There are 2 protein chains.
Amino acid sequence: MGTATAIAHPNIALIKYWGKRDETLMLPAAGSLSMTLDSVATRTTVSVGGDSDVFQLNGELSTGRAADKVFKFLDLVRQLAGSDDRATVLSHNDAPTAAGLASSASGFAALATAAAAAYGLNLSTAELSRLARRGSGSAARSLIDRFAVWHAGDDDQTSFAEEIDAPDMRMIICEINAGPKAVSSRDGMRHTRDTSPFYPAWAPATEKALAEMLAACAAQDFTKIGELTEAHAMQMHALALSAVPPLRYLAPTSFAAFDRIAELRATGIETYGTADAGPNVVAIARPKDAAAVAAALSEFGATHIAAPGPGAYLEGAA
Amino acid sequence: MGTATAIAHPNIALIKYWGKRDETLMLPAAGSLSMTLDSVATRTTVSVGGDSDVFQLNGELSTGRAADKVFKFLDLVRQLAGSDDRATVLSHNDAPTAAGLASSASGFAALATAAAAAYGLNLSTAELSRLARRGSGSAARSLIDRFAVWHAGDDDQTSFAEEIDAPDMRMIICEINAGPKAVSSRDGMRHTRDTSPFYPAWAPATEKALAEMLAACAAQDFTKIGELTEAHAMQMHALALSAVPPLRYLAPTSFAAFDRIAELRATGIETYGTADAGPNVVAIARPKDAAAVAAALSEFGATHIAAPGPGAYLEGAA
C-alpha cells in the first residue's frame, strides 16, 4: 500500500471500437486493433490514504461526472485488493481533453496501472488491460506496447488486449479542432445503437475487417493495412452518420484532409487516413514518408508525428 | 407517327432512390419520394424516320454510351408501338449534365413522353412513368406533377410513380461544383451493393422512412418532412461511404453547407438539407424562408430557388 505513478499514452485504432454489448462490463460489440503512440502522455499518481477520494486533473480539483468515473474505478480496484482505503489521484495529461485524442484511453490505462500498484495488487499486463477496460473501453489497448488487438471476448475474463506484430509505421495526427467533442463517444455509441438501421451489420463487419487486418499485419503488408484502416474508419463514421438524427464527428476541414491524403497517394506517397470520434484526422505512413505527409497536412491544422510507443508502465512505486 | 416535343424537369428526392433489385427492368430496391422542380428543363424532340437512330444533345451529335442508352430506350418504345422505324432525337438540357442535378431524370422523362407520342402511342401518366423508369430509374418521378411517390413494385407493371399531396415548399439548390461526377449513380449503386456491409439494411430502412414521410406529407408536417429528408440523405451518403473502397460524393464544401443549414435552423430559419449522388447541396424550406436560405448558402456556390413544378408534358405533336 502506498503511492505509485504510471505513465500511459493514447492509442489510435486501425480497426475501430464503436458500440458495446455490455455497458457494465464494458464488453465491446466487436474486437479492434490499434497502435499505442510514443507521444502525448498521461502521468498519474495514486496515493492511498486520506478521508475521501480526491481527483485532481492538470492541477485542478475535479468533481462531477469525470471524478465519479474515477472514484467508481477505484472501487473496482479496492474490490480486487480487499481494501476500503480512500485515495488521492493526481493526473496530468499533455493532450487537450476530449478532443478526439483518446485522453480517456491513456487516462484509464495510467490510472489502472498506478492504482493497482498503490493498492498492492500484482497484476499481469492482460489483467491490467481487463481492469483498464472497465474505466474506458479503449484504455484496454493503451496497456500494450506498439500494436494491440483487443479481443472482444465473451465476458470480463476474455475481453482484453494483447500485443501483435505489425510493420513499423508513423501516425501523423492533424488537429483539425481542439475544442471539446459535441457528442461524447459513449453517448454517440448509444445513439447509434438505438437509431441506426445499419447498426446490426456493424459488429460482424468489424470482426471481418479485424480478421483481414490481423492477416495483413502478419504479412507486413502496409498497403493492405492502409486500405483496411481507411475503409473501416469511413464505416465507423458512416454508421454515426446513419443515426437519426445524424451524428457527424468530421468537420468540412476533416474531409479536406482526407481528400489531401488521397491526392498524396495519387502522387506516390503512400498514406491512408483514419479518424476517431472527433474532427482530428490521423494519417498513417511508412517512417520515410511521415515528414512529407505532415508537411502536406499542416495547412489543415497543427500536426505531429507519433511512432509506436510503450504500453502503460510504472514510473516508481513506494 | 411523326414528330413530338416534350419538356421535363429534374426532381430531387426527399426519400432517396439508391440500388436496384432488377437492373434490366430497373426495379428499385425500395420506394422513394420526390419533388419535381419548376426550373431547369430538358426539351426533347423525337422525329420518326431516317435510316438510323440519331441522338443530338445540346446541338452536338452524341455517340458512345449515352447514345446507346437512348437507342436502347427507343427499342422499348418501338416494341410497344410495333414499329421498326428509326428516329432522330434532339435534346436540349439547361443543367450541367451529370453534375448531380439529375439530368438523366428529366432527360428520360422528356424522351419517354416525346417518343411515345412520335410513335403514336397513347399512354397514361402511370404508363409513361413505367416507360421512363426503364431509361433511368428516377425519370419515373419526373413524369409527375409537384410531389411524387415511386412505388418500388414487384414487377414492371407495379413499379411507377404517382402524385401525392405535400405542403408547398421551395428547394434551394446550391451548386457546390458543376464538374462531372467521379462515379456515376449507376456504378456507385453497384459498388455499394457489392461491397457495403450495410447494404442489406438499406431497403428496409428506406421503406420505413418512406412510410413515415408519406404520413408526414399527409399531415402537412413540414418539420417532420425536413427531419426525415435530412436523415435519409445522410443514410444514403453513409451507405456510399461504407463501401470498400469508400465512395464519397460530398465535398468538404458540401459539409460546410450542411453545417450552415444546421446553423440557420438554430437561428429560427427552418431548413433542412439533402444531396443526390454529387457534391451539390439542396435545402428545403417554406416559401417565406427560401430567399434567406439562398442568401446564406450563396457563399458556397451559385444558388437557385425551385418551386414544385409540372411533370413531363408534350409541347406539341405533328
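Between B and A, roughly 2000 Å² of accessible area is buried in total, ligands, DNA and RNA not counted and the probe set to 1.4 Å. Of the Cα atoms belonging to the protein assembly as shown, the radius of gyration and Dmax stand at 28.5, 100 Å. State whether the range A:171-318 is rounded, prolate or oblate according to the following rule on the C-alpha gyration tensor (a ≥ b ≥ c being the square roots of its eigenvalues): a/c under 1.5 gives rounded; otherwise a/b larger than b/c gives prolate, and the remaining case gives oblate. In terms of gyration-tensor shape, rounded.
Taking the centroid of alpha carbons for each part, the range B:212-272 and the range A:269-308 are 30 Å apart.
Dipole of chain B (Lys/Arg Cβ +1, Asp/Glu Cβ -1, origin at the Cα centre): which of B:Ser138, B:Val48, B:Ala166 lies farthest to the positive side? It is B:Ser138.
Roughly how big is chain B's charge dipole about its Cα centre, with Cβ charges of +1 (Lys, Arg) and -1 (Asp, Glu), in debye to the nearest 20? Roughly 440 debye, rounded to the nearest 20.
In the full protein context, the range B:3-166 carries 36 Å² of accessible surface per residue, based on a 1.4 Å probe and ignoring ligands, DNA and RNA. Take each residue of peptide B:225-234, count the partner chain Cβ atoms within 10 Å of its Cβ, and average: the result is 3. Among the helices of chain A, those built from whole DSSP H runs whose Cα atoms reach 18 Å or more along their own axis and whose mean Kyte-Doolittle hydropathy is at least 0.0 are A:64-81, A:103-118, A:199-218, A:222-241, A:252-266.
Candidate cross-link partners of A:Lys16 among the aspartates and glutamates, defined by an alpha-carbon separation under 15 Å and a same-chain spacing of 8 or more, comprise A:Glu207, A:Glu212, A:Glu227, A:Glu230, A:Asp276. Shape class for the range A:121-230: rounded, because the ratio a/c of the largest to smallest gyration tensor axis (alpha-carbon atoms, square roots of eigenvalues) is under 1.5.
Accessible area per residue was computed with a 1.4 Å probe on protein heavy atoms; A:Met26 scores about 10 Å². For the protein assembly as shown, the dipole from Cβ point charges (+1 on Lys and Arg, -1 on Asp and Glu) about the Cα centre works out to 100 debye, to the nearest 20. Annotation: average projected area of the range B:258-317 is 5.6 square nanometres, based on the convex hull of Cα atoms across all directions. For chain B, the convex hull drawn through the C-alpha positions has a volume of 120 cubic angstrom per residue. Comparing the full protein assembly with the isolated chain, the residues of the range A:195-214 losing at least 30 square angstrom of accessible surface (1.4 Å probe) are A:Pro197, A:Phe198, A:Ala201. Taking all C-alpha pairs of the range B:3-166, those more than 18 Å from each other amount to 54 percent. Here the accessible area of chain A is 51 percent carbon and sulfur, with a 1.4 angstrom probe and all protein chains present. Compactness of the range A:31-100 is given as radius of gyration and Dmax, 13.9, 40 Å, from Cα positions.
A Cβ-based charge dipole, computed about the Cα centre of the range A:215-302 with Lys and Arg at +1 and Asp and Glu at -1, lands at about 60 debye. Net charge of the neighbourhood of A:Pro197, taken over other residues with C-beta under 14 Å away and scored Lys/Arg +1, Asp/Glu -1, is 0. With unit charges on the beta carbon (Lys/Arg positive, Asp/Glu negative), name the residue among A:Gln235, A:Phe198, A:Ala219 whose Cα is farthest towards the positive pole of the charge dipole of the range A:170-306. Of the options given, the answer is A:Phe198. One Cα centroid belongs to the range A:137-207, the other to the range A:11-72; the line between them spans 13 Å.
Rg/Rh for the range A:168-232 (Cα atoms only, Rh after Kirkwood) is 1.06.
Contact-buried residues of the range B:239-253, at a threshold of 10 Å² lost accessible area versus the chain by itself: B:Leu241, B:Ser242, B:Val244, B:Pro246, B:Arg248, B:Pro252 (1.4 Å probe; DNA, RNA and ligands ignored).
The values are calculated or read from the model by the stated rules, or taken from the named source; none is laboratory data. Owing to the predicted nature of the structure, the values given are computational and were not obtained by experimental measurement. Backbone-built Cβ (ideal geometry, glycine too); neighbour counts: all protein chains shown. Quick note on the areas: whole protein, heavy atoms, side chains included, nothing else; ligands and nucleic acids left out. Shrake-Rupley method; radii C 1.70, N 1.55, O 1.52, S 1.80 Å.
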